[in-house]
1. DSSP loop chymotrypsin sites (Phe, Trp or Tyr not before Pro) in region 230-266 with at most 16 other Cβ atoms within 10 Å of their Cβ, which ones?
2. Mind ordering 102-114, 417-429 by average Cβ neighbours within 10 Å, highest first?
3. I'd like the Kirkwood hydrodynamic radius of region 177-416, using the inverse of the mean 1/r over distinct C-alpha pairs, in Å.
4. For the charge dipole of region 4-173, defined by +1 on Lys and Arg C-beta atoms and -1 on Asp and Glu C-beta atoms about the Cα centroid, which residue among 140, 172, 67 has the Cα displaced farthest towards the positive pole?
5. What does the helix-only formula give at 222 nm for the chain: each DSSP H stretch with n ≥ 4 adding -39500 (n - 2.57), the total divided by the residues, and the result rounded to the nearest 500 deg cm²/dmol?
6. In 20 Å bins starting at zero, report the fraction of Cα pairs in the chain per bin as a rounded %.
7. Taking 21 Å as the cut-off for C-alpha to C-alpha distance, list the pairs among 284/332; 293/418; 363/461 that go past it.
8. With each label point set 7 Å from Cα along the Cα-Cβ vector, what nm distance links residue 411 and residue 37?
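The values are calculated or read from the model by the stated rules, or taken from the named source; none is laboratory data. Please read all numbers here as calculations on a predicted model, not as lab measurements. Glycine also receives a Cβ, built like all others from the backbone with ideal geometry; neighbour counts cover every protein chain displayed. Please note that ligands, DNA and RNA were not included when accessible areas were found on the heavy atoms of the full protein model with its side chains. Shrake-Rupley method; radii C 1.70, N 1.55, O 1.52, S 1.80 Å.
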Amino acid sequence: MIDIDKYFKPNLNKARKRTKAEIEHKDYLLDERLQKIGVGKFYKIQTYGCQGNEADGETMAGILNDMGYQPTEDEALADIILINTCAIRENAENRIWGELGRLKAMKRRHPDLILGLCGCMAQEENVVNRVLEKYQHVDLIFGTHNIHLLPQYIESAYFNKERVVEVFSEEGNIVENLPKVRQNPYKAWVNIMFGCDEFCTYCIVPYTRGKERSRLKEEIIQEVKDLKTQGYKEVTLLGQNVNAYGKDFKDIVYTFGDLLMDLDKIGIPRIRFTTSHPHDLDDKTIEAFRSCKSVMPHLHLPVQSGSNAVLKKMNRHYTRELYVEVIGKLKKAKPDIALTTDIIVAFPTETEADFQMTLELVKEMDFEGAYTFIFSKRAGTPAYSFEDNIPEFEKKDRLKRLIKLVNEGYLRASQKYKNQVVEVLVEGTSKNDDKTLAGYSEHNKLVNFKGDKSLIGKIVKVKITEARTWFLIGEACE
Ligand code: SF4
């Protein structure tokens, strides 16, 4: 019988807590004795979920590289495999159970392989208990608060042949100077803050990522300056709720809008950010859209529902009217801004009338795109115990009706750009044809056009000749 209580496991009650405790800002330092233990060995990181997880994956790769390991895409070659998980919806979690099952055979063939589970699922008590009891081939479990301790965990798992489980259910600190292996040479993720205190009733993030805590502005400004020097053309500022940036500063008043204006002075061509929250999106941020040349004219602002009754049950802290007001101010400040959003359908107690309000709002806001989901209940969240009284067929039908409307918005938006000249950051060749270049416009539209590969990594002017629902086609301007 495995004594699963001897491990440092996540604890949901602790994860719920929010105190006024000061946040520590620490510096990462790799212990000298761990700098060569990976020489001649390989690692593979499988990342699922959001940009925040991708940024964490880049940090884990940076740490493993510092230890002498090399990356590989070939599992059979890997000495370490890290599964960097997402817990946002049930289907995301089911994929991971499948993956862990599949990798059991790999572990049997390669007993020295270190198989690790990390990311948001590792912060869930029920998940860690299940792994400890049923997936004994998983050697290492660590959470979102202690990625910087990965070297010590590998040392224990490898040299002491110990099963390592260390997950902190805490509010969290900030660790700076973490190494990174950035996946894209032209666009970079830049974390500006971690955690979330919004506690939307359907969301697991406040329990898996801790409380809202902002990096010091000096660290962020220096990171963006360094990226510009390295030739990066675009940065995306990351946070679960970037608009809450700076709210936790005790000694200065410095907001997200201030940060955008300071970053704009650096002169990097493009600044984007995600994810925003309507109730924290303030006038200074709207002003940054109007006056900052490098802030790109696209905003992803999740609305989730068009019904105030549903928004209340979701604990979203805003009404439909406030959302419309914010968008009104935004369109006044930046008339050509491209708007996209997130919408959840069939949230418990959502009526057909509530759903109609969502459809109406989608039409009124003229979204240029949306991520749409059927409500997925998450263990540990308040909505998990809400009575789910909507029949499956009804849920699917609502999603189908919503997607139809959203796709009409996608196409309508694409057609706006026909015969326009847009600026495209060329990221490479198109997936389907390597004589066609691909990249995103300022309004975050995918653009394909014929051109020489020497244009990759550059921002070029492209005249749009054809508009499709999901992408634009154009010709490079001389
Ligand atoms: S704002 Fe809401 S949905 Fe977004 S991460 Fe925070 S709790 Fe989750």
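1. 249, 254
2. The packing order, highest mean first, is 417-429, 102-114.
3. It is 19.0 Å.
4. So the residue furthest toward the plus end is 140.
5. Calculated at 222 nm, the ellipticity per residue is -10000 deg cm²/dmol.
6. Bins of 20 Å from zero give 22, 55, 23, 0 percent of pairs.
7. Too far apart for the 21 Å limit: 293/418; 363/461.
8. 5.7 nm
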